[in-house]
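Encoded as structure tokens, the structure appears first; notes follow it.
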Ligand code: ADP
Ligand code: MG
């Protein structure tokens with residue numbers, strides 16, 4: 001379980017998160033939804049200490065991440081962004097193996113895990129030796145997910161990962177993400193501003209307005225049946 005406890009972040013005069021408290025239950029998909037600038041990226045990056053709070057805490061299974069070393073923490077948490085950032089001169093397989101080796105796996109283990117994860121995300125073994133530029137955007141995003149899973153994390157942070165993918169492929173990726181979540185019992189914290197995506201994948205949706213103010217949280221069914229206010233109605237297109 002991930003817990004945000006009055007988490008706050010200011011950049012000078014800009015308040016990115018004012019007082020954000022939320023619980024991300026283990027082995028579920030929680031979606032942070034909000035307009036651009038509402039603090040979603042700030043919140044998600046607090047979990048692996050890419051952003052340090054200026055107030056409050058983030059806890060993983062009751063442990064304040066402030067007390068944990070950033071490097072092993074980041075290795076224990078998968079992170080996927082819209083810009084996949086695969087190394088262009090390494091093959092698909094090498095891209096995934098490299099991360100596992102850096103995390104301390106032996107070459108053999110790393111290669112075994114990389115092949116397993118690439119297959120799990122639906123990359124054909126025939127593509128393992130291709131270079132990223134030879135894959136479609138959707139396939140590159142799958143490799144990004146495989147890479148994030150190569151260190152066998154329990155937690156996966158995903159920041160608008162499918163934003164650059166066309167709608168049909170995007171829906172396929174959503175379906176597969178749900179399958180992978182179940183197969184690996186992952187705790188996923190997923191950021192999107194796309195209502196269809198949120199409703200498709202979420203166990204829980206947290207709707208944020210400015211500075212991470214929570215307008216409502218609950219299951220997709222709860223939010224669509226009883227939106228708390230006009231903001232929620234509008235962002236969910238109800
Ligand atoms: P979102 O991901 O919801 O679009 P962000 O968390 O990226 O929102 O940003 C929240 C607010 O914090 C925005 O006003 C943004 O401009 C500001 N912000 C984010 N990162 C920085 C930074 N490194 N320096 C200054 N301001 C920042
Ligand atoms: Mg963002």
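The values are calculated or read from the model by the stated rules, or taken from the named source; none is laboratory data. In this text, all values refer to a predicted model and were calculated from it rather than measured experimentally. All Cβ positions, glycine included, derive from the backbone under ideal geometry; neighbour counts span all protein chains shown.
A few comments on the model shown:
- Test: residue in the stretch 10-26 that is crowded, with 18+ Cβ neighbours inside 10 Å and under 17 Å from residue 187 (Cβ atoms): yes
- Unique match (being modelled with pLDDT of 95 or more, in a helix (DSSP H, G or I) and either away from ligand 2 (no atom under 16 Å from the Cβ) or more than 13 Å from the chain's Cα centre (by Cα) (or both)) among 176, 222, 172: 222
- Filter result for residue 92 (under 22 Å from the mean Cα position of the chain (by Cα), farther than 27 Å from residue 42 by Cα and crowded, with 20+ Cβ neighbours inside 10 Å): yes
For every residue, the table says whether it meets (1) at negative phi; (2) over 15 Å from the mean Cα position of the chain (by Cα); (3) within 14 Å of ligand 1 (Cβ to nearest atom).
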{"residue": "20", "(1), (2), (3)": "yes, yes, yes"}
{"residue": "25", "(1), (2), (3)": "yes, no, no"}
{"residue": "29", "(1), (2), (3)": "yes, no, no"}
{"residue": "40", "(1), (2), (3)": "yes, no, yes"}
{"residue": "43", "(1), (2), (3)": "yes, no, yes"}
{"residue": "48", "(1), (2), (3)": "yes, no, no"}
{"residue": "53", "(1), (2), (3)": "yes, yes, yes"}
{"residue": "57", "(1), (2), (3)": "yes, yes, no"}
{"residue": "64", "(1), (2), (3)": "yes, yes, no"}
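- When restricted to residues that are in contact with a strand residue (DSSP E or B) (Cβ under 7 Å, 6 or more places away or on another chain) and away from ligand 2 (no atom under 14 Å from the Cβ), the stretch 179-198 contains 5.
- Taken over the stretch 63-81, residues that are in contact (Cβ under 8 Å) with a residue 60 or more places away in the chain and touching a strand residue (DSSP E or B) at 6+ places or on another chain (Cβ under 9 Å) amount to 6.
- Filtering 189, 177 for residues that are away from ligand 1 (no atom under 15 Å from the Cβ), surrounded by 19 or more Cβ atoms within 10 Å (Cβ to Cβ) and in the same structural domain as residue 42 (by TED's automatic domain parsing) leaves a single hit, 177.
- Only strands (runs of 3 or more DSSP E) whose full extent lies in the stretch 29-130 are considered here, and the ones with at least 3 residues that are within 16 Å of ligand 2 (Cβ to nearest atom), within 22 Å of residue 164 (Cα to Cα) and in the same structural domain as residue 16 (by TED's automatic domain parsing) are 29-34.
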